[in-house]
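> My structure is below; once you've seen it, I'll send some questions.
Here, each number is a calculation from the coordinates, and none is a lab measurement. Not measured: the values here are computed from a predicted model. Neighbour counts are summed over all protein chains in view; Cβ atoms, including those assigned to glycine, are modelled from backbone coordinates with ideal geometry.
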Amino acid sequence: MEKFQNLIAGEWTDSGEFQSNVNPSDLSDVIGEYARADAKAAGLAMEAAATAFPSWSISSIQQRADILDKVGTAILARKEEFGRLLAREEGKTLPEAVGEAGRAGQIFKYFAGEALRIHGEKMSSVRPGVEVEITREPVGVVGIITPWNFPIAIPAWKIAPALAFGNCVVFKPADLVPGCAWAIADLLHQAGIPKGVFNLVMGRGSVVGEAIVESPRIHAISFTGSVATGRKIAVRCAELGKKLQLEMGGKNPLVVLDDADLTVAVNAAVNGAYFSTGQRCTASSRLVVTAGIHDAFTEAMKEAAAKLVVGHALNPETQIGPVVDDSQLRQDLYYTDLARQENAEVAGGRLLARETKGFYLEPALFLNTTNAMRINREEIFGPSASVIRVKDYEEALAVANDTEFGLCAGICTQSLKYASHFQRHAEAGMVMVNLPTAGVDYHVPFGGRKASSYGPREQGGYAREFYTTVKTTYLAP
Ligand code: NAD
């Protein structure tokens, strides 16, 4: 079995322990053995990054742009191969996985350009004979901690801007998906990233993740994952005075109004709720439907969900891949049971057997639910969605906003009046009109409000807010 090591101070290293990377579509398929770092190895990575920072922070923007562009070009050229790896380790269908790999390539190329566009401002002073310059500098050594559900895109949208703006990186991917993380490290290494500027430290959250959060060598942390872990990290970062960016859970509403195009609404709901096995922070888990279209929408949804083909992620007919692992599967089944206990009607949601042993689950639709039920308040993160019936637009908006989360909110309507009102009044970082709540561009800001996010936005031009710090200089020439 092939062994994959961590990249620390420019060297491939391991600290003795390895973990198997297992395919959730076929538990007999082991992708490889991936190094599992201890706190000491994590410490060496942080030391290497701190040592590399003084020269990388003033490196030529052309050097940074060239390295990022090389990585982007390589990912795009090999997106089928990386997509296959992603589908094998995470369980997204092959087209979804190849799409995600392509997006990661575009992100690296976008930030290659951003490295060249770092600029400041020159302003007049209120004092005669004084000039003011506002410039941006890198933050320092950035700890990047990522979840399992977008194993190549999320690391890309954190690592690429960090390096573009002159920061050094210590990257800890989720334990379940070390393959894509290792592939990115390999590409950066091959592209000539200087020793210590980028370090890959695969290992447990409670060991490597905590070491990164606690280390005085780390100046900023960009984290995507669950609310529970994010909040824990936030407390420590506040105590330690570290810059922090958190992207966490969602309970995203998709409002369907009486005047919606039924086909558009059902397509948006099926895609948003079930594609990528519902394992997206932007998934449409609450379908908030007005009375006039409720019955037609529910019937069409049940029919469409029942037709979805669940199977091995690499099988060309598959539309919904497996759940990522046993623990997520148990969580999904727990919430389906809870839906019944809360007196919802449950369509689908059964365990499925396929040719290979894997975590196969039928998409579930919870009907006759209210927004007060726990199934509509807590993030499930599986292939399930609830229908919440409401009287009219006003009630739909109130229900959509009645949640602790605020990542994405969608509306299906043909009325400009309601679409515009919803755009302004939805308490979310992203709004979708006649589109699924999931599925975003790579060149514009991504992030949410309330319990979903904390700190500056990720992606697009807005990424510089987190990965740079501002300096104001007063000059008396
Ligand atoms: P998780 O919180 O369990 O883990 C995320 C990362 O944190 C992993 O790398 C993990 O090893 C690490 N970690 C765990 N404990 C840690 C600790 N004590 N200190 C430091 N690091 C630690 O999340 P997950 O299960 O991997 O991902 C699913 C979650 O991610 C869902 O809640 C989902 O909504 C969220 N998510 C959010 C977005 C977004 O942009 N808002 C995108 C994707 C996923």
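> Could you grab me the full set of residues in segment 247-261 that are basic (Lys, Arg) and either away from the ligand (no atom under 14 Å from the Cβ) or in a helix (DSSP H, G or I) (or both)?
Selection gives nothing.
> Go through segment 10-31 and give me each residue that's buried (at least 18 other Cβ atoms within 10 Å of the Cβ) and small (Gly, Ala, Ser).
SER15, SER25
> Output the residue which, of all residues in segment 275-295 that are away from the ligand (no atom under 16 Å from the Cβ) and surrounded by 15 or more Cβ atoms within 10 Å (Cβ to Cβ), is nearest to TYR360 (Cα to Cα).
So the residue we want is LEU287.
> Might you check whether a residue that is within 30 Å of ALA164 (Cβ to Cβ) and either assigned to a loop (DSSP other than H, G, I, E, B) or within 14 Å of the ligand (Cβ to nearest atom) (or both) occurs anywhere in segment 408-419?
Yes, because at least one residue in segment 408-419 is within 30 Å of ALA164 (Cβ to Cβ) and either assigned to a loop (DSSP other than H, G, I, E, B) or within 14 Å of the ligand (Cβ to nearest atom) (or both).
> Next up: Any residue at all in segment 174-186 that is within 9 Å of the ligand (Cβ to nearest atom) and touching a Ser or Thr at 6+ places or on another chain (Cβ under 7 Å)?
yes
> With over 28 Å from GLY143 (Cα atoms) and either among the polar types (S, T, N, Q) or not in a loop (DSSP other than H, G, I, E, B) (or both) as the only criterion, which of VAL431, VAL470 stands out?
Going through VAL431, VAL470 in turn, just one is over 28 Å from GLY143 (Cα atoms) and either among the polar types (S, T, N, Q) or not in a loop (DSSP other than H, G, I, E, B) (or both): VAL431.
> Which one of LYS172, LYS243, LYS232, LYS195 is buried (at least 24 other Cβ atoms within 10 Å of the Cβ) and among the charged types (D, E, K, R)?
LYS172
> Are any of the residues in segment 239-246 over 20 Å from LEU44 (Cβ atoms) and assigned to a helix (DSSP H, G or I)?
For segment 239-246, residues over 20 Å from LEU44 (Cβ atoms) and assigned to a helix (DSSP H, G or I): present.
> Please go through (1) buried (at least 24 other Cβ atoms within 10 Å of the Cβ); (2) of a type in the set (A, V, I, L, M, F, W, C); (3) touching a helix residue (DSSP H, G or I) at 6+ places or on another chain (Cβ under 7 Å) for ALA185 and return the number of the only condition it doesn't satisfy.
Only one criterion in (1) buried (at least 24 other Cβ atoms within 10 Å of the Cβ); (2) of a type in the set (A, V, I, L, M, F, W, C); (3) touching a helix residue (DSSP H, G or I) at 6+ places or on another chain (Cβ under 7 Å) is unmet by ALA185, namely (3).
> Is at least one residue of segment 160-172 within 10 Å of the ligand (Cβ to nearest atom) and part of a helix (DSSP H, G or I)?
There is no residue in segment 160-172 that is within 10 Å of the ligand (Cβ to nearest atom) and part of a helix (DSSP H, G or I).
> Can you work out which of the residues in segment 122-141 that are in contact with a Phe, Trp or Tyr (Cβ under 7 Å, 6 or more places away or on another chain) and surrounded by 13 or more Cβ atoms within 10 Å (Cβ to Cβ) is farthest from PRO477 (Cα to Cα)?
So the residue we want is VAL141.
> Okay, next question. If you check VAL255 against the conditions, is it of a type in the set (Val, Ile, Thr) and more than 22 Å from the chain's Cα centre (by Cα)?
When the stated conditions are applied, VAL255 passes them.
> Would you confirm whether any residue within segment 444-458 is within 16 Å of the ligand (Cβ to nearest atom), part of a strand (DSSP E or B), of a type outside the set (A, V, I, L, M, F, W, C) and touching a Pro at 6+ places or on another chain (Cβ under 8 Å)?
Yes, that holds for at least one residue.
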